[in-house]
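Working notes, structure below.
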Amino acid sequence: MQSQAPDPLDLKLLQALQLDGRAPFNRIAHALGVSDQTVARRFRRLRTTVQLRVLGITDESRLGRSTWLLRLRCTPDAAEQLAGALARRPDTSYVSVISGGTEVMCAMKPRTRQARDELLLARLQRTPRVTSVSAHCLLHHFYGGPVGWLSKINALSPDEQA
């Protein structure tokens with residue numbers, strides 16, 4: 001089945017689910033002015049065609065966890081292994097190999113100050129074939145994330161959002 005571009009109703013449904021992923025279909029349908037069967041059918045189609053999933057994600061900044069952006073320079077033979085090891089860590093958000101395979105870029109949210117210091121000041125500094133480490137704490141998140149574009153489309157009117 002070929003996926004089609006989301007139409008205005010699909011976008012409204014997506015934004016409604018972003019606002020309240022547990023909202024029942026009949027409540028969303030009422031807000032959007034369609035039947036609950038229409039919402040259920042659209043949801044099933046999006047789940048099938050674009051692998052839509054509704055997830056609960058913790059806003060870790062409210063828990064006092066900071067995001068750290070790391071740029072690790074390494075020898076070319078170490079980048080993939082290093083990226084794989086970082087990707088397996090539960091506190092890693094994303095990992096990319098960049099610059100012709102000699103650098104690894106990742107974002108992490110260490111759970112404690114001790115875990116952060118152990119990683120940044122000890123473990124990475126002693127990792128063989130890592131030639132330099134650059135670590136930057138994210139001070140303010142203005143926009144982005146995997147569903148940031150949904151907030152910008154303004155598919156829902158203020159009344160529909162309420």
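The values are calculated or read from the model by the stated rules, or taken from the named source; none is laboratory data. Note that the coordinates shown come from a computational prediction; the quantities given were computed from them, not determined experimentally. All Cβ positions, glycine included, derive from the backbone under ideal geometry; neighbour counts span all protein chains shown. The accessibility values were calculated without ligands, DNA or RNA, using every heavy atom of the protein model including side chains. Shrake-Rupley method; radii C 1.70, N 1.55, O 1.52, S 1.80 Å.
Numbers below:
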{"read-out": "Per-residue HN-Hα couplings for segment 23-35 [Karplus 6.51, -1.76, 1.60; θ = phi - 60°; Hz; x = Gly/Pro]", "value": "5, x, 4, 5, 5, 5, 4, 4, 5, 8, x, 10, 7"}
{"read-out": "Sites excluded, trypsin sites (Lys or Arg not before Pro) in DSSP loops with at most 11 other C-beta within 10 Å, longest stretch of the chain", "value": "89-162"}
{"read-out": "CD proxy at 222 nm, helix term only [per DSSP H run n ≥ 4: -39500 (n - 2.57); per residue of the chain; nearest 500]", "value": "-10000 deg cm²/dmol"}
{"read-out": "Fraction of accessible area attributable to carbon and sulfur, segment 19-126 (%, probe 1.4 Å)", "value": "48 percent"}
{"read-out": "Area projected by the alpha carbon convex hull of segment 1-90, averaged over all directions, nm²", "value": "9.5 nm²"}
{"read-out": "In segment 90-145, the chymotrypsin sites (Phe, Trp or Tyr not before Pro) that fall in loop regions by DSSP, at most 16 other Cβ within 10 Å", "value": "Phe142, Tyr143"}
{"read-out": "Rounded to the nearest 20 debye, dipole of segment 19-162 from Cβ charges on Lys, Arg, Asp, Glu", "value": "300 debye"}
{"read-out": "Inter-site label distance for Ala85 and Arg44 at 7 Å from Cα along Cβ, in nm", "value": "4.8 nm"}
{"read-out": "Which of Val54, Val104, Leu70, positive extreme of dipole for segment 1-125 (C-beta unit charges)", "value": "Val54"}
{"read-out": "Mean accessible surface per residue for segment 14-162, computed with a 1.4 Å probe while every protein chain stays in place, in Å²", "value": "68 Å²"}
